[in-house]
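Engineer: First the structure, then my questions, so here it is.
The values are calculated or read from the model by the stated rules, or taken from the named source; none is laboratory data. Only a predicted model underlies this, so the values are computations on that prediction, with no experimental measurement involved. Cβ coordinates were reconstructed from backbone atoms using ideal geometry, including for glycine residues, and neighbour counts include every protein chain displayed. When the accessible area is computed, the model is the full protein with side chains, heavy atoms only, and any ligands, DNA or RNA have been set aside. Shrake-Rupley method; radii C 1.70, N 1.55, O 1.52, S 1.80 Å.
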Amino acid sequence: NNEKSVPQLLISDLKFEKSLAKLMFSPDQENHPSKAPVKYGELIVLGYNGSLPNGDRGRRKSRFALFKRPKANGVKPSTVHIACTPQAAKAISNKDQHSISYTLSRAQTVVVEYTHDSNTDMFQIGRSTESPIDFVVTDTVPGSQSNSDTQSVQSTISRFACRIICERNPPFTARIYAAGFDSSKNIFLGEKAAKWKTSDGQMDGLTTNGVLVMHPRNGFTEDSKPGLWREISVCGNVFSLRETRSSQQRGKMVENETNQLQDGSLIDLCGATLLWRTAEGLARTPTVKHLEALRQEINAARPQCPVGFNTLAFPSMKRKDVVDEKQPWVYLNCGHVHGYHNWGNKEERDGKDRECPMCRSVGPYVPLWLGCEAGFYVDAGPPTHAFSPCGHVCSEKTTAYWSQIPLPHGTHTFHAACPFCAHQLAGEQGYIRLIFQGPLD
């Protein structure tokens, strides 16, 4: 048995220097000049490894930071009007005032006017590129390398999907609400939308495909556990899920939960899922510099291919789509890391499954990629594990966390997916421990 004589090395055996720990916990100085505006938090779209396939442009990017605005633009409900005709409702909702219109029937519409709130800032998210939308989000196609893959898909994300209201004073609480105001400052809930009168005489409703939120238990840390998915209403109330995404029957109201976002909350817009990270949470998260230092640390250990004996190296974070000749590859059933080679191809299996030369286990053989989006990491541990079947590499705790989370998929299913590329996870755990071979000298 040749295997025992080969020195094997798990990355966790490497001595990570104290300087890395320091790097990890000092917030990136360049991004925090002394008089920086207050940052409420950031939204990061799942499925992108640090940037959109064709690059981040304007309001369309893979992550969006919410900063305190120079002048408050929040709104809060004020007057309620009951109009007998839709025409009357249109007359009430003037272009200079925010309002939500609930069409109950052809004969009756309730219009709730909203007034300026000097204590809050409002941020709107949706598919529309109109000016009221701060963060433009399009449907995530798992593993797509270019936006051309996404254009043919009929989007299920609402044009004005949701809004986040942040308190301008500490502790800068952020709350989420379904639906956003359009260019004429209106939200219209048509006859078919689920809507109802609340016990205190106010109106509330749900959007067509809904806005779902999951708050993790124990925050966003290495001890995090998935929470339950809930639906958020237009007025920010919390409900259990409907039977299907667009059912007209709402779920049960969950009295003891709120629409307040916490570090690690997930927001699903039916076509894209966003991760909310608070400013404090981000300050405890690995920086890109830290991930780069980890990459250099692995490469400095000169892991080798046990077949070709060539040295392997993870490509730089900028080259995260093109397979490099030194790129490490892994057998997903056993975790043995090799360089690319044609050995052990099983012709009769369409070439997808390969036999590992180290242990003879048969399974998929894929290139390894570093997870570059630091916001998805729950800790600063070394990159010892890879998601299966995509081969994205990050810390053990991070793979364990994401593999437990059922992410909404389509209109009524859920499955665990890699946060870096949105591919559905496969295999017993959805991830594998990597076994590198050290240099023979």
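Engineer: Acidic (Asp, Glu), out of contact with any strand residue (DSSP E or B) (no Cβ under 6 Å at 6 or more places or on another chain) and not in a strand (DSSP E or B): is that true of ASP263 in this structure?
Structural biologist: Details: acidic (Asp, Glu): yes; out of contact with any strand residue (DSSP E or B) (no Cβ under 6 Å at 6 or more places or on another chain): no; not in a strand (DSSP E or B): yes.
No.
Engineer: Please determine, by comparing only the residues of the stretch 101-114 that are hydroxyl-bearing (Ser, Thr, Tyr) and under 13 Å from PHE181 (Cα atoms), which one is most open to solvent (accessible area, probe 1.4 Å). Working first, answer last.
Structural biologist: So the first thing to find is which residues in the stretch 101-114 are hydroxyl-bearing (Ser, Thr, Tyr), and the list is 101-103, 105, 109, 114.
If we keep only those that are under 13 Å from PHE181 (Cα atoms) as well, we get 101, 114.
Details: SER101: 3, TYR114: 20 Å².
Only one residue fits best here, namely TYR114.
Engineer: Now, a different point. How do the pairs read when you match residues in the stretch 64-79 that are of a type outside the set (A, V, I, L, M) with residues anywhere that are part of a loop (DSSP other than H, G, I, E, B) and loosely packed, with under 14 Cβ neighbours inside 10 Å, using Cβ under 7 Å and keeping only pairs 6 or more apart or on different chains?
Structural biologist: Listed by first residue and then by second, the contacts come to PHE67/PRO37; LYS68/PRO37; GLY74/ASN119.
Engineer: Continuing with this model, one more query. For the stretch 42-61, does any single residue satisfy the condition of being small (Gly, Ala, Ser), under 23 Å from GLY371 (Cα atoms) and either assigned to a helix (DSSP H, G or I) or at pLDDT 95 or above (or both)? Steps first, answer last, please.
Structural biologist: Step one: filter the stretch 42-61 for residues small (Gly, Ala, Ser), giving 47, 50-51, 55, 58.
Applying the additional criterion that residues be under 23 Å from GLY371 (Cα atoms) yields 47, 50-51, 55.
From the residues that got through so far, the ones that are either assigned to a helix (DSSP H, G or I) or at pLDDT 95 or above (or both) too are 47.
For the stretch 42-61, residues small (Gly, Ala, Ser), under 23 Å from GLY371 (Cα atoms) and either assigned to a helix (DSSP H, G or I) or at pLDDT 95 or above (or both): present.
Engineer: Something else now. What are the residues in the stretch 174-187 that are of a type in the set (Lys, Arg) and outside any strand (DSSP E or B), if any? Before you say what the answer is, go through the steps one by one.
Structural biologist: To start, the set of residues in the stretch 174-187 that are of a type in the set (Lys, Arg) comprises 175, 185.
Matches in the stretch 174-187: LYS185 only.
Engineer: Kindly provide the set of residues from the stretch 188-215 that are assigned to a strand (DSSP E or B) and either more than 17 Å from ILE165 (Cβ to Cβ) or open to solvent by 10 Å² or more (accessible area, probe 1.4 Å) (or both), ordered by number.
Structural biologist: Residues of the stretch 188-215 that are assigned to a strand (DSSP E or B), as a first pass: 188-189, 195-197, 203-205, 211-214.
Correct list: PHE188, LEU189, LYS195, TRP196, LYS197, MET203, GLY205, LEU212, MET214.
Engineer: A further question on this structure: Take residues that are farther than 19 Å from GLY281 by Cα and polar (S, T, N, Q) and tell me which of the strands (runs of 3 or more DSSP E) falling wholly in the stretch 368-439 contain 1 or more. Working first, answer last.
Structural biologist: Details: elements: 385-387, 392-394, 407-409, 413-415, 431-433.
Here the list reads 413-415.
Engineer: Related question: Taking the residues in the stretch 382-395 that are touching a Lys or Arg at 6+ places or on another chain (Cβ under 9 Å) and touching a residue at least 60 places away in the same chain (Cβ under 8 Å) as candidates, determine which candidate is farthest from GLU428 (Cα to Cα). Walk me through it before giving the result.
Structural biologist: Restricting attention to the stretch 382-395, the residues satisfying the condition of being touching a Lys or Arg at 6+ places or on another chain (Cβ under 9 Å) are 383-386.
Among the residues that remain, those that are also touching a residue at least 60 places away in the same chain (Cβ under 8 Å) are: 383-384.
On the way: PRO383: 20, THR384: 18 Å.
Going through the qualifying residues, I end up with PRO383.
Engineer: Taking GLU113 as meeting all but one of (1) within 30 Å of MET214 (Cβ to Cβ); (2) of a type in the set (Asp, Glu); (3) modelled with pLDDT of 90 or more, write down the number of the exception.
Structural biologist: Looking at each condition in turn, GLU113 falls short on (1).
Engineer: Sticking with this one: Just need a number here: residues in the stretch 397-428 that are at pLDDT below 95 and at positive phi.
Structural biologist: 2
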